[in-house]
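The values are calculated or read from the model by the stated rules, or taken from the named source; none is laboratory data. For clarity, every value in this text was computed on a predicted model and none was experimentally measured. Ideal geometry is used to build each Cβ from the backbone, glycine not excepted, and the neighbour counts take in all protein chains shown. Accessible surface areas use protein heavy atoms only, side chains included; no ligands, DNA or RNA. Shrake-Rupley method; radii C 1.70, N 1.55, O 1.52, S 1.80 Å.
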Amino acid sequence: MNEEKMNQNLSIVDEENSELQRFLEFSLGDEEYAIPLLSVREVISVPETTPIPKAPSHFLGIMNLRGQVISVVDMRTKLKIKAKENNSEESVIIVDLDGMNLGIVVDSINKVLTFTLKDINEVPEIETQVNAEYIYGVYRKEDSLTVLLNVAKVLDIKDVNAMAKKAA
């Protein structure tokens with residue numbers, strides 16, 4: 001009976017692992033990153049922003065998107081990644097983080113990745129530019145790796161909320 005229960009639990013885990021995950025892949029410098037597609041509202045070209053005094057260097061300012069004031073953050077500056085020069089593909093991903101909309105500047109939008117949870121590898125125990133707590137895992141495809149980011153942790157939502165209040 002114990003073995004039967006264990007097999008049921010394993011089949012539940014297998015079903016969860018086989019559920020398709022969708023992530024939006026983008027480039028920061030020469031590296032590829034992705035965030036859950038469900039958190040993405042839209043992708044736009046880089047707008048004009050209004051700077052906020054005494055804001056951190058990665059906080060570009062605020063923008064007006066169809067009557068809504070949205071904070072804009074340069075993900076490259078936050079993660080200390082050198083931006084591509086003369087980049088015509090630079091974009092802003094508008095993400096919804098717990099009901100708060102935020103713009104994230106990236107070098108380019110690549111594609112939507114679709115995979116199962118079992119395709120995600122754990123974060124290796126090494127020093128990287130990206131703090132390990134910011135990462136869900138790593139998706140390996142053919143001969144390249146894509147880092148799956150937890151945007152809420154990367155941007156420290158408390159900081160973003162404070163900037164939004166300063167702007168208001």
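Give the residue, chosen from K118, K111, that is out of contact with any Cys (no Cβ under 8 Å at 6 or more places or on another chain) and within 21 Å of V154 (Cβ to Cβ). Let's see the steps before the verdict.
Working: K118 fails: within 21 Å of V154 (Cβ to Cβ).
When all the criteria are applied, what remains is K111.
Of all residues in region 50-80, count the ones that are outside any strand (DSSP E or B), farther than 19 Å from D96 by Cβ and not aliphatic (A, V, I, L, M). Reasoning before the result, please.
We begin by selecting, within region 50-80, every residue outside any strand (DSSP E or B); these are 51-58, 66-67, 75-80.
When the remaining residues are screened for being farther than 19 Å from D96 by Cβ, the result is 51-58, 76-77, 79-80.
Filter once more, so that each one left must be not aliphatic (A, V, I, L, M): 51, 53-54, 56-58, 76-77, 80.
So the answer is 9.
Going through region 24-49 one residue at a time, which ones are part of a strand (DSSP E or B) and out of contact with any helix residue (DSSP H, G or I) (no Cβ under 9 Å at 6 or more places or on another chain)? Can you show your working first?
So the first thing to find is which residues in region 24-49 are part of a strand (DSSP E or B), and the list is 24-28, 31-36, 40-45.
Of everything in region 24-49, those that are part of a strand (DSSP E or B) and out of contact with any helix residue (DSSP H, G or I) (no Cβ under 9 Å at 6 or more places or on another chain) turn out to be E25, S27, E31, E32, A34, V40, R41, E42, V43, I44, S45.
Among residues of region 56-72 that are closer than 15 Å to V46 by Cα, those with a Cβ under 7 angstrom from a residue that is in a strand (DSSP E or B) and acidic (D, E), sequence gap 6+ or separate chain, pair up as H58/D74; L60/D74. With respect to the conditions (1) of a type in the set (A, V, I, L, M); (2) in a strand (DSSP E or B); (3) open to solvent by less than 60 Å² (accessible area, probe 1.4 Å); (4) closer than 15 Å to F26 by Cα, L145 lacks only one, and its number is (3).
One residue alone among I104, I93, I109 is under 23 Å from P53 (Cβ atoms), touching a Leu at 6+ places or on another chain (Cβ under 9 Å), outside any loop (DSSP other than H, G, I, E, B) and at pLDDT 80 or above, and that residue is I104.
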